[in-house]
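The values are calculated or read from the model by the stated rules, or taken from the named source; none is laboratory data. Not measured: the values here are computed from a predicted model. All Cβ positions, even for glycine, are placed from backbone atoms using ideal geometry, and neighbour counts span all protein chains on display. Surface accessibility is based on the protein's heavy atoms, side chains included, excluding ligands, DNA and RNA. Shrake-Rupley method; radii C 1.70, N 1.55, O 1.52, S 1.80 Å.
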Amino acid sequence: MRFRPWILLRTALLTLVLAFVAVPMAVVLWTSVQPDTYPAFPPSGLSLRWWESALTREWLLPMALSAEIAVGSAACALVVGTAAAYALSRGPVRGRAALEGFLASPLLLPEIVISLSVVQLISMLSARGFIGPALLVVTHALIGIPFVLRTVGVSLLGVNPLWERAARDLGASPWRTFTTVTLPLMRSGMFAGALFAFIVSFNNVELSLFLTSRDATTLPIQLLQYMEFQYSPTLACVAVTSVVGICVIAGVASRFVRLTEFIHGGTK
Amino acid sequence: MTSPTLATRARRRSRLPWLTLPATVWVLAVFAIPTAILLASSVLTYDGATVTGPFTTANYGSLLGDGYFRSVLWDTVWISAVVGLLCSAAGLLVAHFIVRSGSRWRTLVLLVVVSPLVSSVVVRTYGWLVLLQGDGLVNNMLLWTGLTDSPIAFIGSKFAVIAGLVHVLLPFAVFTAMSSVQSVDPVLERASRDLGAGPVRTFLRITLPLIRPGLIAGFMLTFAISLGAYAAAAVLGGGRVQTLATLVRDRMVVSLEWGQAAAVAVVILVVGAFTVSALLLAGRRSRKGV
């Protein structure tokens, strides 16, 4: 085989990019299980001492709150988004593209701007009492809806309207047709959409930036506030815990759906 | 025989559009109306956190007249542009490898590139914080190997902010580039190779021009997200690098000048929209020229 320098160059660059991506993630993991405040090079040993201060109320409460908000907003996005996706794929075509674009438009603006506009509107209405978990659920669902719309839309592409018509012709009621034919077929899209909505909410920083209060701080916001002013390996343990949680949820979910199907928008 | 079914189908159809109503109301109430009001109120008089008065251009006037704001604006724009370029280049490299190479490492590469998506921006920023601290791993390593005598202050430099942002946005660039490389018919590349062009020349003359719209789209996406990204600038900038996003937060929380915060937010939108439309226009013109 001919010596090909460009393959060598590509491999070198690719390795560099992969290291760039993987090293910061590995470093977080490493920091959580070593003894030094600043992880030493060469490594000095293993220790779980930072976990003691990580698994305390101070961090577990925001984690639980983030999980609750994520479940709530994923559920809202799932119901509202699935209804819209179903109507858009089965309803009249007129105005469909415009409506789809409108419902996906929150993804186009920087989240920090959305957060700012929501908090300014809330205070204009003198309703600052609303700032808290419920408002976070409502705002996070805004970003969840486009994901559900997309994944459910993709799985509805695979549902031939003729199958629904066949069920109707054989005497099933519209509701029965929906629950026995359509719903099972779009279930994997709903699952994937809800999962994406959950992750987007659980990890969200910028949308929550102005919408958290002292008694309702989400995990990413609390981490961020700590990091801005002090440095501690405890945060590595908290970070690892939250990532492991997400991985477990995604792992369980991927037993039910092939998530990669939805990443490219179903271009099989 | 089919007419009753058609009739019921028509009836059902006419009710269907109502199902889009909850989502539409949601997006209107939480997104469209608040942002419209933000745009409108950025030209009203604020007293601290409350809108008090009539139309004024003072919010913008005091911003644009401020040399500090202009330097923050310029920093944000070029940091975002560098991030966009790096993401597009690295994204294309990875995407081309995954889609075209046929190597058995493809799945692994995709997995590594996608894996940070399970963690939040904050977690990834924290990884960079550990690496780039004064007593952090990179400095440790540099001192240990004797490449430097005293620790380098990475935190608080634009380099750190750019590294953090590229790390966060690379997966999006890879996805965008993958779909545009996939859309190129491999037959065109094979034809070029059969006619005697080398792989590099084929890539530069055939593949690259065909995927240029996708590359531009990837750049626009990562550029626009960088403009409003908060976490990387706040943490890795160490309080010394200010971007438009940290400035919004500053005006909101620290100095309580909500009018200025609204104006900065509008500037973020305008810069993003201006760049996107300029690139779209340039893309359309160059395609016509071909």
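Pairs of alpha-carbon atoms within less than 8 angstrom and 6+ residues apart define the contacts here; what relative contact order does the stretch B:99-209 have, in percent?
21
Could you do me a favour and compute the accessible area per residue for the stretch A:24-174, 1.4 Å probe, result in Å²?
On a per-residue basis, 45 Å².
Taking amide H atoms as placed 1.01 Å from N in the peptide plane, list the residues 5 or more away in sequence, or in a different chain, whose amide H sits under 5 Å from that of A:D36.
Close amide H contacts, sequence-distant or interchain: none at all.
How much length is gained on full extension from A:L170 to A:L125, taking 0.36 nm per residue of separation minus their Cα-Cα distance?
Separation in residues times 0.36 nm, less the Cα-Cα distance, equals 10.8 nm.
Ranked from highest to lowest mean number of other Cβ atoms within 10 Å per residue, what is the order of the peptides A:12-19, B:265-272, B:194-201, A:182-189?
Highest-to-lowest ranking by the protection proxy: B:265-272, A:182-189, A:12-19, B:194-201.
If you average the sequence gap of Cα pairs under 8 Å that are 6 or more apart and divide by the length of chain B, what percent do you get for the contact order?
Rounded, it is 26 percent for chain B.
How far apart, in nm, are the 7 Å Cα→Cβ label points at B:A273 and A:S105?
1.1
At what distance in angstrom do the alpha carbon centres of the stretch A:221-250 and the stretch B:200-248 lie from each other?
If you average the Cα positions of each part, the centres end up 25 Å apart.
With the crude spin-label approximation of a point 7 Å out along Cα→Cβ, what separation in nm comes out for A:F20 versus B:L204?
Each label point lies 7 Å from its Cα, and together they span 2.2 nm.
If you find the alpha carbon centre of the stretch A:1-79 and of the stretch B:115-131, how far apart are they in angstrom?
So the separation of the two Cα centres works out to 6 Å.
Of the peptides A:194-202, B:77-85, A:244-252, how do they stack up when ordered by the mean number of other Cβ atoms within 10 Å, highest first?
Order by mean packing, descending: A:194-202, B:77-85, A:244-252.
Using Cα centres only, tell me the gap between the stretch B:37-58 and the stretch A:96-143 in whole Å.
Result: 20 Å between the Cα centres.
With every protein chain in place, what's the accessible area of B:W128 (1.4 Å probe, Å², nearest 10)?
Approximately 20 Å² for this residue.
For peptide B:232-238, how many partner chain Cβ atoms fall within 10 Å of a residue's Cβ, on average?
Per residue, the average neighbour count from other chains is 2.
Give a residue-ordered list of calculated ³J(HN,Hα) values for the stretch A:37-42 (Karplus: 6.51 cos²θ - 1.76 cosθ + 1.60, θ = phi - 60°; whole Hz; x for Gly, Pro).
Result, rounded to whole Hz: 5, 10, x, 8, 10, x.
Express in Å², to the nearest 10, the accessible area of A:E58 obtained by rolling a 1.4 Å probe over the protein heavy atoms while all chains stay in place.
Counting only protein heavy atoms, A:E58 exposes about 80 Å² to solvent.
How many Å³ per residue does the convex hull of the Cα positions in the stretch A:107-155 occupy?
In the stretch A:107-155, the Cα hull volume divided by residue count equals 73 Å³.
Which ³J(HN,Hα) values, rounded to whole Hz and listed in residue order, are derived for the stretch B:23-39 from phi using the Karplus coefficients 6.51, -1.76 and 1.60 in 6.51 cos²θ - 1.76 cosθ + 1.60 with θ = phi - 60°, glycine and proline given as x?
Listing the rounded values in order: 5, 4, 4, 4, 5, 4, 6, 9, 10, 5, 5, x, 5, 4, 5, 4, 4 Hz.
For chain A, what is the relative contact order in percent, using Cα pairs closer than 8 Å and at least 6 residues apart in sequence?
For chain A, the relative contact order is 30 percent.
Round to the nearest 10 and report in Å² the accessible area of B:D135, as given by a 1.4 Å probe over the protein chains' heavy atoms.
Per-residue accessible area (B:D135): approximately 90 Å².
So how much accessible surface do B and A hide from each other in total, probe 1.4 Å, in square angstrom to the nearest 100?
Answer for the B-A pair: about 7500 Å² buried.
Ordering B:L188, B:L110 by how much accessible area each has at a 1.4 Å probe, largest first, what is the list?
B:L188, B:L110
With the crude spin-label approximation of a point 7 Å out along Cα→Cβ, what separation in nm comes out for B:V187 versus B:T56?
Output for this residue pair reads 6.6 nm.
Could you work out the helix-only [θ] at 222 nm for chain B, with each DSSP H run of four or more residues adding -39,500 (n - 2.57) and the total divided by the number of residues, to the nearest 500 deg cm²/dmol?
Helices in chain B give a 222 nm mean residue ellipticity of -22500 deg cm²/dmol.
If I build a Gaussian network model for chain B, linking alpha-carbon pairs within less than 10 angstrom, which residue out of B:M141, B:M252, B:M178 has the largest mean-square fluctuation?
Comparing B:M141, B:M252, B:M178 in a Gaussian network model of chain B, the most mobile one is B:M141.
Pop out the ³J(HN,Hα) list for the stretch B:184-198 in order, Karplus 6.51 cos²θ - 1.76 cosθ + 1.60 with θ = phi - 60°, rounded to Hz; leave Gly and Pro as x.
7, 5, x, 4, 4, 5, 5, 4, 4, 5, 5, 7, x, 6, x
To the nearest 500 deg cm²/dmol, what mean residue ellipticity at 222 nm is calculated for chain A from DSSP H runs of n ≥ 4 alone, each contributing -39,500 (n - 2.57), summed and divided by the residues?
Only helices count here, giving -22500 deg cm²/dmol.
Hey, any idea what % of the protein assembly as shown's accessible area is carbon plus sulfur with a 1.4 Å probe?
Carbon and sulfur together cover 68 percent of it.
Counting only other chains, what is the mean number of Cβ atoms within 10 angstrom of the Cβ of each residue in peptide B:179-186?
Across the residues of B:179-186, the mean count of other-chain Cβ atoms within 10 Å is 1.
Taking 60 Å as R0, compute the FRET efficiency from the Cβ-Cβ separation of B:W144 and B:R284 and round it to 0.05.
Using R0 = 60 Å, I get an efficiency of 0.65.
Once amide H atoms are built 1.01 Å from N in the peptide plane, which residues 5 or more positions from B:T45, or in another chain, come under 5 Å H to H?
Close amide H contacts, sequence-distant or interchain: B:T52, B:G53, B:T56.
Who wins for biggest fluctuation among B:L279, B:L227, B:L169 in a Gaussian network model of chain B, springs between alpha carbons below 10 Å?
B:L279
Once you average over the residues of A:77-90, how many Cβ atoms of partner chains fall within 10 Å of each Cβ?
4
Among the residues of the stretch A:188-224, which ones have their accessible area go down by 50 Å² or more when all the protein chains sit together, as opposed to their chain alone (1.4 Å probe)?
When all protein chains are present, A:N203, A:E206, A:F210, A:L224 each give up 50 Å² or more of accessible surface.
Using a Förster radius of 35 Å, what is the FRET efficiency between A:S44 and B:L111 based on their Cβ-Cβ separation? Nearest 0.05, please.
According to the calculation, E is roughly 0.70.
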